[in-house]
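Student: Sharing a structure here in structure tokens format.
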Amino acid sequence: MTNVSIATALNHAQQRLNGTESPKLDARVLLSFVLGQSRTYLMTWPERELTQNQWQSYDALIERRALGEPVAYLVGEREFWSLPFKVSEHTLIPRPDTEVLVEQALMYLKSGDSVLDLGTGTGAIAIAIAHERPDINVTGVDLLEEAVELAKSNGERNQVRVHWLQSSWFDNLGEQQYSLIVSNPPYIDPDDPHLTQGDVRFEPRSALVAEHHGLADIELIVAGATKHLVEQGWLLIEHGYDQLPSVQQIFADAGFTQIETVRDYAGQPRVTKGQWLLGAACLR
């Protein structure tokens, strides 16, 4: 195709992406990326023509999206908490429902508190909290060196102060204790059919899947949190919509109190939280 206008390019892309989750939005996001312009620009100047290089780049991206590759990986970033984040194949793509975890964490923080984000990935949770509360100390850890470097880059981009550390959960934290621990760990059952559908096909399996019906890493985090939370500290974990009873039981068995599960924006059980009271735990 030659002399392709913005309107023609978008129409072609939407037809090619017909049957995907959001063809119109994806077409606009990808064209905005190729042109280096806002989506408002696309609507304002539909008759503007793409150069040959722009059209070829756009068409190639549309083909990749049609095969299922996530838009966030194609453009290299995703917005979370109204902040921009670079993403890579080494990390999960930040999702809107995880903002519920940030909202809940912010409820319990006071000046001078310390927060630990386990399995930080892009750093989205840690950075969002640090952005809202520059008066607290935030640490983000991840198993992968590539993820830690990406999170560090995102922290610098969003001009927040976060301490980054490579660690398998609590392994490299010594005896450090925190006022609040948050985590969005792997929680999908290895046999879950959703692993063969949508964006998750392209995301790192190690960041998605956990043994014991998706509960293995949650069990490790809850057990470890009892040694790394200050008295009256809080633990908040994101989990699957069908894991509420199991996760609450894991919290209870470890001695947590004030256990509650909060629903996400779609009304699904998504974040379970509990408070650590050593006295209460000793009575069990």
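Derivation of every value follows stated rules applied to the coordinates shown; laboratory data play no part. Small disclaimer: the values here were computed from a predicted structure and weren't measured. Note: ideal-geometry Cβ built from the backbone for every residue, glycine included; neighbour counts use all protein chains shown.
Student: From the list (i) 51, 45, 33; (ii) 75, 40, 31; (iii) 60, 52, 31, can you say which value of Cα extents along the principal axes in Å was derived from the structure given?
Tutor: Evaluating Cα extents along the principal axes in Å on these atoms matches (ii).
Student: Using the per-residue mean of other Cβ atoms lying within 10 Å as a proxy for protection, in what order, highest first, do the peptides 18-24, 88-94 fall?
Tutor: 88-94, 18-24
Student: Among Ser88, Leu31, Ile62, whose Cα lies farthest out toward the positive end of the dipole of the chain, if unit charges sit on the beta carbon of Lys, Arg (+1) and Asp, Glu (-1)?
Tutor: Positive-most Cα among the choices belongs to Leu31.
Student: Can you tell me the orientation of helix 145-157 relative to the chain, as the angle in degrees between its alpha-carbon axis and the longest Cα principal axis, to the nearest 10?
Tutor: 70 degrees
Student: Taking the Cβ of Thr261 as the center, what net charge do the other residues with Cβ under 13 Å away carry, scoring Lys and Arg +1 and Asp and Glu -1?
Tutor: Taking every Cβ under 13 Å from that of Thr261, the sum is -1.
Student: Where both residues lie in the chain, what percent of DSSP beta bridges are antiparallel, nearest 5?
Tutor: 45 percent
Student: For segment 6-67, report the translational diffusion coefficient in µm²/s to the nearest whole number, using Stokes-Einstein at 4 °C, 1.567 mPa s, and a Kirkwood Rh over Cα pairs.
Tutor: It diffuses with D of about 114 µm²/s by this estimate.
Student: Okay, next question. Mind checking the angle between helix 6-16 and the chain's longest principal axis? C-alpha axes, 0 to 90 degrees, to the nearest 10.
Tutor: 60 degrees
Student: Please give me the summed charge of the neighbours of Leu31: other residues whose Cβ is under 12 Å from its Cβ, Lys and Arg +1, Asp and Glu -1.
Tutor: Once positives and negatives cancel, what remains is +3.
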